[in-house]
Each structure stands twice: as structure tokens, then as C-alpha cells.
Amino acid sequence: EHALFKGTSHRKSYHILNRIDGVGGELNAFTTKEETCVYASSLNRHLERCLELFSDILFHSVFPEREIEREKDVVIEEINSYKDAPADLIYDEFEGLLFGNHPLAHNILGTKKNVKRFSSEFIGNFMRRNYTPDKMVVSVVGDVDFDKLVRLCERYFGSYPKGDAVAERLRPTGICPFNKTVNRHTHQVHALIGCLAPSSFEENKVAFTLMNNILGGPAMNSRLNVAVREKYGFCYTIESQYVPMSDTGLFYIYAGLDHD
């Protein structure tokens, strides 16, 4: 994700970063355990500018070795920052325990050892194998004519071949309940309870999403927030999250509490 912005055969890193920001928009990206999302927010008239840039960084990135070496330090600092943020770290540790030896147990950021061994060639081969149009979704929200959008997508994505990479991940099974307490010198207690939940392709995904929103979703009037924080003041944060994936899902309730 970081390496995508380091230069293409047509642009240097500075020109990538300035392409959308220079017209008052925003360019960014994020990674989950199953996808990388590159996104931009801009005025409607700059839609083609955004799609052309996406095409350039997805299919023409050159991953300069010098830039990759520099970015490794940035990612390692990001790994370190999570260790200083127990409210974030607890999710990674929980998933590591829940999934055990399954690939979903791995932290998205990886390990310092793995980050240090990546090379320009390795990243380029990974991109060419996995980031192909048949595995991509283009999503546009705004006052945009759909036929125009299709024409632009055909122009900037239509000439690239399909990939041959096959997903080999097995569905996680055999997960055992656990209860673990870790003593750390933090001002708050961070508590999390969770379990497996419906995948993205199960019928009850929508119902589960609604249940999560009512119980502890983003709204201030969620039942957990009203009952635990607003009524008693027992915590600063209490929330629930539902994370559907292609073959499984996760449901958590997290709270940041005083030791008492």
C-alpha cells in the first residue's frame, strides 16, 4: 500500500501526491486482511484525473529500491506505534489467539523481519500477480453519469490482462474458546470479547450488521453506550464491531475502562 505512491514509469512520487491534492482533493489508501483500497475525493469534474492516476499507480508503479528502503523505516515505525496504542493492539492480539496458525491470525502490518526483507522485485511480482482488473472493484459515489463512468473504466482499466493467481486460503475451523489476561503498565484496562460471525456472502449478514449498529455501533445512542457509559460512566469507550470477510467474519465488543 505504501509502495504504490513511490513512483511510476510516468510520474515521480511528488507528482503522484500532488495530482489530486493540487486540485483540492484527497488521495489515500488503506489495507485490510483481504483488500487494498486506493481512494480519492474530488470535485466531479476531476473524476477522470482520479481514475487515470489509479490506473497509473496500479499498473505502472516501478517501486524504486531507494524509496522502498526508506519506506521500510516508515512501516516499522507504524508497527512501533501500535505497540504504544493498546486500544488498537488488543484487536491484533485477539485475532492472533482466535485464528492460531491460520493466515488470518497475521497482523496486517507484518513483522519487522518481514518488512526488512522486501525488495522492489518482490513487490513488483506480487502486484503483477494479484492486482489485476478481474480482482478489482471500481466504486464511485457522486453526481456522475454511469455510461461515462463505464467508458472511463474501459479506457483506463480495460486493456490490462486478467491474472492467474488463485486464492488458496482454507476456511478457518476448529477455533477453541480462550480467556487471556495480559498485565501491562497502562492507565486504562482494555477489554475485548468476540467470536466468529457471518461472512460477506451469508444471508444473515445484513441482519447481523443491523444488530451490531443497535448494540454498539457508531451511533451515540447504541445500547452499550447508553447503558454503560451514559448511565453509569463506567468507561470512556465501549463499542461493538462486525467485520465480514469472504469466508468468515468477526464480531467484537471492546471497552476502555478504569482499573476499578
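Observations on the model:
- If you go through region 28-58 and keep only what is open to solvent by 20 Å² or more (accessible area, probe 1.4 Å), touching a Cys at 6+ places or on another chain (Cβ under 8 Å), farther than 20 Å from residue 155 by Cβ and among the hydrophobic types (A, V, I, L, M, F, W, C), you end up with just 30.
- Members of region 178-219 that are within 17 Å of residue 237 (Cβ to Cβ), touching a strand residue (DSSP E or B) at 6+ places or on another chain (Cβ under 7 Å) and either open to solvent by less than 60 Å² (accessible area, probe 1.4 Å) or of a type outside the set (A, V, I, L, M, F, W, C) (or both): 188, 189, 190, 191, 192, 194, 212, 215, 216, 217
- Tabulated pairs, region 182-204, first within 19 Å of residue 252 (Cβ to Cβ), second open to solvent by 70 Å² or more (accessible area, probe 1.4 Å) and of a type in the set (S, T, N, Q), C-beta under 6 angstrom, 6+ apart or interchain: 198/204
- Flag if residue 74 is surrounded by 17 or more Cβ atoms within 10 Å (Cβ to Cβ) and aliphatic (A, V, I, L, M): no
- Selection over region 183-242 of residues that are in a helix (DSSP H, G or I) and either touching an Asp or Glu at 6+ places or on another chain (Cβ under 8 Å) or β-branched (Val, Ile, Thr) (or both) gives a count of 8.
- Just one residue in the set 76, 57, 68 is out of contact with any Ser or Thr (no Cβ under 8 Å at 6 or more places or on another chain) and either within 30 Å of residue 195 (Cα to Cα) or not charged (D, E, K, R) (or both); that residue is 76.
- Only residues that are within 17 Å of residue 66 (Cα to Cα), open to solvent by less than 50 Å² (accessible area, probe 1.4 Å), without any contact (Cβ under 8 Å) to a residue 60 or more places away in the chain and in a loop (DSSP other than H, G, I, E, B) were counted across region 1-26, and they come to 1.
- Residue 109 being part of a loop (DSSP other than H, G, I, E, B) and open to solvent by less than 40 Å² (accessible area, probe 1.4 Å): yes
- Here the condition is being surrounded by 14 or more Cβ atoms within 10 Å (Cβ to Cβ) and in contact (Cβ under 8 Å) with a residue 40 or more places away in the chain; of 172, 133, it holds for 172 alone.
- Filter result for residue 156 (among the aromatic types (Phe, Trp, Tyr), part of a helix (DSSP H, G or I) and open to solvent by less than 80 Å² (accessible area, probe 1.4 Å)): yes
- Residue count for region 59-101, restricted to those that are in contact (Cβ under 8 Å) with a residue 12 or more places away in the chain, within 30 Å of residue 237 (Cα to Cα) and either touching a Cys at 6+ places or on another chain (Cβ under 7 Å) or not in a helix (DSSP H, G or I) (or both): 1
- Output for region 27-53, where each listed residue is closer than 16 Å to residue 2 by Cβ and either touching a residue at least 40 places away in the same chain (Cβ under 8 Å) or among the basic types (Lys, Arg) (or both): 31, 32, 36
The values are calculated or read from the model by the stated rules, or taken from the named source; none is laboratory data. What you see is a predicted model; the values in this text were computed from it and never measured. Cβ atoms come from the backbone with ideal geometry, glycine included; neighbour counts cover every protein chain shown. In case anyone asks, the SASA skips ligands and DNA or RNA and just uses the protein heavy atoms, side chains included. Shrake-Rupley method; radii C 1.70, N 1.55, O 1.52, S 1.80 Å.
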